[in-house]
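Structure record follows, encoded as structure tokens.
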Amino acid sequence: MKNFIHRLILPVFIFSLTFVSCTKMNQSPLNSKELVSSSKVIPYVPQCNSGYHWDFYWKKCIADCPTGYHNDSITGACVVNGGNPPIIVSYAGVNISYYTTSHTLSFNSTSDVNTVLNQLDADYENYNTTYENQYPNYTALQLDSLDSINNFDQLQSYRNFEAKFSGYTSKRSTIETIETTWLNNNFVGADPDSLDFAFDHSENAICNSNYQLQISNDTYQMTDNGLVLVGGGNASPLTSSPCFTNRRKWSPRIIAANRAFQVKAAIHFTLIRSSAKGKVVSYKLSGNKWKRSRYDLAVGVAGTIYASDCSTTVTLNLINPGSGYKKRRELKEVYRTWGISSAYYTQSGLLGASFVTPISQGSVILQ
């Protein structure tokens, strides 16, 4: 069955809070008016790890702040000196500013965004692979049942990231909530795919529920046509006829017994990175409701992509995994680069995605 992807792809695709900080009172007993002795008392100061210092107010080691920042007296987080500042959270070596009023994550540069996205991708894959490697002899169905016993959450790495920002709601979690309702209603109601402009958990995790983020003090919003500068124009190119970018398509659900599969394809460009993607999602009918469920999955993305002048071509024929299957609820394959000068385009009928399982197979082509 796995060779189906090769047979399918080659003939079809190749291709033709915000808080205001208060100044903390010095809590050291050396400055207390209640001292009855003029002798100097040296308080005990525990030794903290590098990058941390002992705070007498919090009575614990807290992170050192960059120049121009101080530890907020309410949250302990690093905030800008004066004004109505963001909370600073470090992740993957990048300082992310979180504005609690707009619930927006702010990055200093596109390079910082790319670093964070790459780490989110890696954290997700490492978390899931580490778990699955504990049960190498389990079938997908057995592992699916074990997930319930272990309360295993395949998206936990994203929840951990989002929880760093108090009160933050990502687009990823918003789409997840909509999908849960959609599944509980047997695929009736708002289709989460129609609201997912990235088909990418990591990109959706750094955007708030309004699909917004900040880069270098500019606010951007993801739309169906790409990234838009709020108050300005498109930050992503749309078309370079006959080529196009920022387009996605998903297949009808392919039903097999009490299973359903859906394959998705996308070509995607933002200021941050450009991608050609294939993704498959597995569902199972449990009682009278559908839910995501593990199955043996393989997915591919194949076809022709172009540079911005619509002339230089790259031919793709990528499959995940390279052989066999992965026991996942969803699986994707991506061809990707980063930077504003590396936009990917394609033409109608020349890029698509396909999937195969032991009981089903299918494909979708961008038009």
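The values are calculated or read from the model by the stated rules, or taken from the named source; none is laboratory data. Fair warning: this is a prediction, and the values are worked out from it, not measured in the lab. We place every Cβ from the backbone using ideal geometry, glycine too, and count neighbours over all the protein chains shown. Surface areas here come from the heavy atoms of the whole protein model, side chains and all, with no ligands, DNA or RNA. Shrake-Rupley method; radii C 1.70, N 1.55, O 1.52, S 1.80 Å.
Distant-in-sequence amide contacts of T169, defined by a placed amide H-H separation under 5 Å and a gap of 5 or more residues or a different chain, comprise S209. Of all aspartates and glutamates in the structure, those lying under 17 Å Cα to Cα from K60, and not within fewer than 8 positions of it along the same chain, are D72. L141 contributes about 90 Å² of solvent-accessible surface, heavy atoms of the protein only, 1.4 Å probe. Backbone amide hydrogens, once placed in the peptide plane, bring Y52 within less than 5 Å of D64, excluding anything fewer than 5 places away on its chain. Computed on the Cα atoms alone, the convex hull of the range 264-326 gives a volume of 113 cubic angstrom per residue.
Take 256-267, 241-252 and order them by the average number of nearby Cβ atoms within 10 Å per residue, most first; the result is 256-267, 241-252. Solvent-accessible surface (1.4 Å probe) assigned to T313 amounts to roughly 70 Å². In this rough spin-label picture, where each label sits 7 Å from Cα along the Cβ direction, the S342-Y52 distance is 3.6 nm.
For the listed residue pairs K284/K327; K289/K326; K277/K332; K279/K327; K249/K326, the alpha carbons are over 19 angstrom apart in K289/K326; K249/K326.
Ordering C61, C310 by accessible surface, largest first, gives C61, C310; the 1.4 Å probe counts only protein heavy atoms, with every chain in place.
Per-residue 3J(HN,Hα) values for the range 178-184, derived from phi via the Karplus relation 6.51 cos²θ - 1.76 cosθ + 1.60 with θ = phi - 60°, read 5, 5, 4, 5, 4, 5, 4 Hz in sequence order (x marks Gly and Pro). Per-residue Karplus couplings for the range 261-266, computed as 6.51 cos²θ - 1.76 cosθ + 1.60 with θ equal to phi - 60°, are listed in order as 9, 9, 10, 10, 10, 7 Hz, Gly and Pro entered as x. In the context of the full set of protein chains, residues of the range 219-310 present 34 Å² of accessible surface per residue (probe radius 1.4 Å, heavy atoms only).
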